[in-house]
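Take a look at the structure below.
No lab work stands behind these numbers, since they all come straight from the coordinates. These numbers were taken from a predicted model, which means no experiment stands behind them. Reconstructed Cβ throughout: ideal geometry from the backbone, glycine too, with neighbour counts over all protein chains shown.
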């Protein structure tokens with residue numbers, strides 16, 4: 001029996017590491033819903049702009065601030081994160097089916113865990129780049145974490161999510177290094193599965209944030 | 001042969017799998033559905049429908065569908081052991097109820 005499947009059974013017959021990741025994801029649900037709740041409670045209660053969806057004129061300077069959220073860029077980054085989840089499941093499937101013979105070029109592409117882990121990490125990095133661009137443009141337009149309630153709750157919520165994506169990308173890169181060094185095989189399926197669960201969780205959190213923060217007015 | 005079967009069962013057991021995971025084609029179909037729903041979400045944002053009273057509920061429904069699809073198919077919860085489902089859905093229900101309670105306390109659910 002491989003090292004990854006030995007000595008980890010619980011009285012339920014399930015692997016303790018998989019129970020652990022689901023418990024962790026459950027607790028993360030609570031963390032993110034708390035942050036989302038805070039954002040929703042403070043929504044529309046900022047005394048000064050810039051605002052997410054409304055134009056605001058500063059009475060002291062007369063400067064007009066347009067609605068600050070950039071929906072096209074965020075829609076693109078949402079699409080990127082959704083596609084990264086697809087790449088992640090393909091990476092997991094590739095590791096699970098490592099021993100299945102690949103006859104055609106399509107089979108070889110679909111069966112390459114290195115390729116799909118790399119694509120997942122790349123798409124995660126593109127998402128983070130979009131977020132960095134968004135944060136930078138907000139600061140240039142006058143919205144910081146100190147500006148108003150919207151800024152405080154927005155940067156905290158999306159910043160926490162971005163930190164989770166960053167951890168995920170680093171985790172993916174470490175898996176990629178292992179795959180290049182010795183190759184991931186059937187005994188590593190659980191490790192990749194746990195990584196995939198974390199990555200998909202980060203994706204579903206963004207699905208909620210995209211709707212509640214960016215689209216709903 | 002017995003050993004191979006036993007090892008395979010161990011691996012599946014260790015992961016708590018009840019059924020086989022979806023196929024590659026299922027994953028691609030799920031990705032197309034997720035992309036289509038996201039496209040509809042963004043499209044309605046730019047249409048006069050954004051002024052409708054149904055705008056926010058429809059976005060929440062579409063988001064919930066995407067959430068359920070990713071959790072069910074990509075996270076394999078549809079195929080996994082019921083304990084994993086309980087570990088995820090339980091805290092999610094508690095958290096969602098807390099969110100609704102907070103919104104009610106701060107007057108966001110009054111119309």
Within 10 Å of each Cβ in A:204-217, the average number of Cβ atoms from other chains: 6
Approximate spin-label separation residue B:24-residue B:56, in nm, with each point projected 7 Å along Cα-to-Cβ: 4.5
The stretch A:136-158-the stretch B:31-56 distance, computed between alpha-carbon centres (Å): 26
Pairs of Cα atoms farther than 22 Å apart, the stretch A:16-215, %: 54
Crossing angle, helix A:149-181 versus chain A [Cα axis fit, 0-90 degrees, rounded to tens]: 20
Burial ranking of peptide ranges A:129-138, B:65-74, B:96-105 (average Cβ count within 10 Å, highest at the top): B:65-74, A:129-138, B:96-105
Label-point separation, residue A:139 to residue A:58 (7 Å along Cα→Cβ), nm: 1.8
Relative contact order [Cα under 8 Å, 6+ residues apart], the stretch A:16-215, whole percent: 30
0 to 90° range, to nearest 10: angle between helix A:16-42 axis and chain A longest Cα axis: 10
Ratio of Rg to Rh over the stretch A:29-114 (Cα coordinates, Kirkwood Rh, two decimals): 1.31
Segments A:147-158, A:38-49 sorted - mean Cβ within 10 Å per residue, highest first: A:147-158, A:38-49
Averaged over B:52-63, number of beta-carbon atoms from partner chains that fall within 10 Å: 3
Whole-Å distance, taken between Cα centres, linking the stretch A:179-217 and the stretch A:75-107: 12
Cβ-derived FRET efficiency at R0 22 Å, residue B:106 paired with residue A:47, nearest 0.05: 0.85
For residues of A:35-42, the mean tally of beta carbons on other chains within 10 Å: 3
C-alpha center-to-center spacing [the stretch B:65-88, the stretch A:15-36] in angstrom: 13
Bins of 5 Å, starting at 0 and running to the largest distance - Cα pair percent for the stretch B:50-94: 6, 20, 20, 21, 13, 9, 8, 3, 1
Highest to lowest packing among A:22-30, B:51-59, scored as the average C-beta count within 10 Å: A:22-30, B:51-59
Computed over the stretch A:116-217, Cα set: Rg, Dmax in Å: 16.4, 51
